[in-house]
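The values are calculated or read from the model by the stated rules, or taken from the named source; none is laboratory data. Predicted model, so just to flag it, every value in this text is computed and none were measured. Neighbour counts run over all protein chains shown; Cβ positions are idealised from the backbone, glycine included.
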Amino acid sequence: MVRTWAVSGVDLHLDLTGTRVRATLESALREAVSSGRLAEGVRLPSSRALAADLGIARNTVADAYSQLVAEGWLTARSGSGTWVAARPATGRGGPKPAAAPPPAPVRYDLRPGSPSLSSFPRTAWLAAGRRALSAAPAESLGYGDPRGLPELRTALAGYLSRARGVHAGPEHIVVCSGFTQALGLIARVLRSRGAANVGVEAYGHRHHREVVTAHDLRVVSIPVDDDGAVLEDPVVSRAEALLLTPAHQFPLGVPLAAHRRTRAVQWAHDTGGLVVEDDYDGEFRYDRQPVGALQALAPDHVVYAGTASKSLAPGLRLGWLALPAGLVEEVAEAKRLADAHTSTFEQLTLAEFIASGDYDRHVRRCRTAYRRRRDRLVTALRREVPEVRVTGVAAGLHALLDLPPDTDEDAVVARAAGHGLALEGLRTYNPDDDRGPALVVGYATPPDHSYTGALARLCATLTE
Ligand SMILES: Cc1ncc(COP(=O)(O)O)c(C=O)c1O
């Protein structure tokens, strides 16, 4: 129902009964300013006062004001109010269109790739480090085994078996500086064994492709569909190794279907090729028990790779490989040449963190928190922008948002930046993308206190 409200002496006709209250208010104010009805220099009511008048949330008014400030229609000085901005004359007497706003600082970040860093369990991590370091003999602080500390490899073997069904003893594990180094070590070994081509999913991190090519290996692009990587000839017959994200394809968010898992293992058996399983977020599944690691189907043909970058923090630079027995020595040698071994101090802490049950507790807490965040994302989009579809399974730390086919993905990302919201388009992960416009939203990234604001900006960006 449209009603008329006097704002700074000017009538605004507003329908505040729908779901797009902010957009309605914003466009009414924009019209009033651009038509000159709200004249330059007129002071607007405070967001609190206007919100009370209109019977809407203060944030809604504040967000509408911020947007119009960003567009150049209004000016604001922190603590002293909001005015209609000066508009230079065009020379023909009419108001000049607002200049493109300078990029707003990033206030909200929904790019994928990071867990909630503000949820890092600092106290428990420090306590585990103190306990581990107090108990560690002096000799353990010298140069160590390139594969990693025995106590960490034992803790990891137990954890991976319990949580992901991985078949590996401590003797199969090599601790690395995250997945990035793990992939580099495997690439080095593959190259030294004479491999030339690695199959890599067509959607994924450019960084991972670069790690492969930096080792003088060619990347063969594997198409991805709703069942995950399409493991068909001629692509797979050209590759000596396949890099896959079976639990949750990054970034499309689909699991590798059962028939494709079988196919991957069959390919490895038939060709003697190696499958590298990037299990970057395998612990986070919300709609069912996680599918176990592919590695368990063929421990002699699949390298399992895990990381603390999603479960704890990327800054730790901790990752691990569970290797076929025949690869351990060569990978350990590559690790020795790369950096002798991963920091003993971080290894001691992680070993204690896992052994004490803190790791399981932390992962459980994160799982609950991320599941809630994902649910809120889905609910907000369904309510405010039903034409945007969340695809992929309920898992991990990111979701794929399919935009209507005629949407300009880059324009959406740019518009979000104008709201201080950092977003990433699907094309970042495959410049030849032919799936259509989409966003890869990292719902775990913002700290708790700004998640509501981030969702509001996302919906506002998508409704514009
Ligand atoms: C698909 C994928 N694999 C692996 C990783 C982890 O990499 P790292 O352990 O080097 O931080 C990430 C992190 O963003 C990722 O998105």
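Could you tell me which numbered condition Ala168 fails, if it satisfies all but one of (1) small (Gly, Ala, Ser); (2) away from the ligand (no atom under 16 Å from the Cβ); (3) touching a residue at least 12 places away in the same chain (Cβ under 8 Å); (4) not in a loop (DSSP other than H, G, I, E, B)?
Every condition holds for Ala168 apart from (4).
Going by what's in this entry, would Gly315 be described as modelled with pLDDT of 95 or more, under 20 Å from Gln181 (Cα atoms), of a type in the set (Gly, Ala, Ser) and in the same structural domain as Ala241 (by TED's automatic domain parsing)?
yes
Residues to consider are Arg285, Arg260; find the one that is basic (Lys, Arg), assigned by TED's automatic domain parsing to the domain that holds Gly204, more than 21 Å from the chain's Cα centre (by Cα) and on the phi < 0 side of the Ramachandran plot.
Matching residue, one of Arg285, Arg260: Arg260.
What residue, of Val393, Val385, is in contact with a Gly (Cβ under 8 Å, 6 or more places away or on another chain) and β-branched (Val, Ile, Thr)?
On inspection, the qualifying residue turns out to be Val393.
Which residues, counting only those in segment 108-126, are more than 16 Å from the ligand (Cβ to nearest atom) and touching a residue at least 24 places away in the same chain (Cβ under 8 Å)?
Tyr108, Ser118, Ser119, Pro121, Ala124, Trp125, listed by residue number.
Filter segment 231-246 down to residues that are in contact with a helix residue (DSSP H, G or I) (Cβ under 8 Å, 6 or more places away or on another chain) and not in a helix (DSSP H, G or I), then give me how many there are.
Count: 7.
Return the residues of segment 434-464 that are of a type outside the set (D, E, K, R), part of a loop (DSSP other than H, G, I, E, B) and in contact (Cβ under 8 Å) with a residue 60 or more places away in the chain; say none if nothing qualifies.
Answer for segment 434-464, where residues must be of a type outside the set (D, E, K, R), part of a loop (DSSP other than H, G, I, E, B) and in contact (Cβ under 8 Å) with a residue 60 or more places away in the chain: Tyr443, Ala444, Thr445, Pro446, Pro447.
Is it the case that Asp358 is in contact (Cβ under 8 Å) with a residue 60 or more places away in the chain and within 16 Å of the ligand (Cβ to nearest atom)?
no
Going by the structure shown, is Asp300 outside any helix (DSSP H, G or I), farther than 21 Å from Thr368 by Cα and away from the ligand (no atom under 14 Å from the Cβ)?
Yes, satisfied.
Kindly indicate the residue of segment 407-444 that is small (Gly, Ala, Ser) and closer than 22 Å to Tyr65 by Cβ and also modelled with the lowest pLDDT among those meeting that condition.
Ranking the qualifying residues of segment 407-444, first place goes to Gly418.
Quick test of your reading of the structure: Phe179 fulfils all but one of (1) assigned to a loop (DSSP other than H, G, I, E, B); (2) within 16 Å of the ligand (Cβ to nearest atom). Name the failing condition by number.
Status for Phe179: all satisfied but (1).
Inside segment 205-230, can you point out the residues that are in contact with a helix residue (DSSP H, G or I) (Cβ under 9 Å, 6 or more places away or on another chain), aliphatic (A, V, I, L, M) and not in a loop (DSSP other than H, G, I, E, B)?
Selection gives Val211, Val212, Ala214, Val219, Val220, Ile222, Ala229.
Is at least one residue of segment 444-455 surrounded by 20 or more Cβ atoms within 10 Å (Cβ to Cβ), more than 19 Å from Arg372 (Cβ to Cβ) and not assigned by TED's automatic domain parsing to the domain that holds Ser221?
No, there is no match, as no residue in segment 444-455 is surrounded by 20 or more Cβ atoms within 10 Å (Cβ to Cβ), more than 19 Å from Arg372 (Cβ to Cβ) and not assigned by TED's automatic domain parsing to the domain that holds Ser221.
Which ones in segment 242-254 are closer than 22 Å to His215 by Cα and surrounded by fewer than 24 Cβ atoms within 10 Å (Cβ to Cβ)?
Once the filter is applied, which keeps residues that are closer than 22 Å to His215 by Cα and surrounded by fewer than 24 Cβ atoms within 10 Å (Cβ to Cβ), segment 242-254 yields nothing.
Is it true that Asp287 is free of Cβ contacts under 8 Å to residues at least 60 places away in the same chain, more than 16 Å from the ligand (Cβ to nearest atom) and not in a helix (DSSP H, G or I)?
no
Can you find, within segment 1-38, the residue that is modelled with the lowest pLDDT among those that are more than 41 Å from the chain's Cα centre (by Cα) and of a type in the set (Lys, Arg)?
Arg3
Have a look at Ala239, Ala264, Ala257 and point out the one that is more than 13 Å from the ligand (Cβ to nearest atom), among the hydrophobic types (A, V, I, L, M, F, W, C) and surrounded by fewer than 24 Cβ atoms within 10 Å (Cβ to Cβ).
Residue meeting the stated conditions: Ala257.
Which residue, of Ala416, Ala438, Ala460, is buried (at least 23 other Cβ atoms within 10 Å of the Cβ) and under 29 Å from Val291 (Cα atoms)?
Ala438
Which members of segment 303-324 meet the condition of being part of a loop (DSSP other than H, G, I, E, B) and either out of contact with any His (no Cβ under 6 Å at 6 or more places or on another chain) or at positive phi (or both)?
Ala308, Ser309, Lys310, Ser311, Leu312, Ala313, Arg317, Leu318, Pro324, listed by residue number.
How many residues are more than 14 Å from the ligand (Cβ to nearest atom) and not acidic (Asp, Glu) if we restrict to segment 303-352?
Qualifying residue count for the region: 22.
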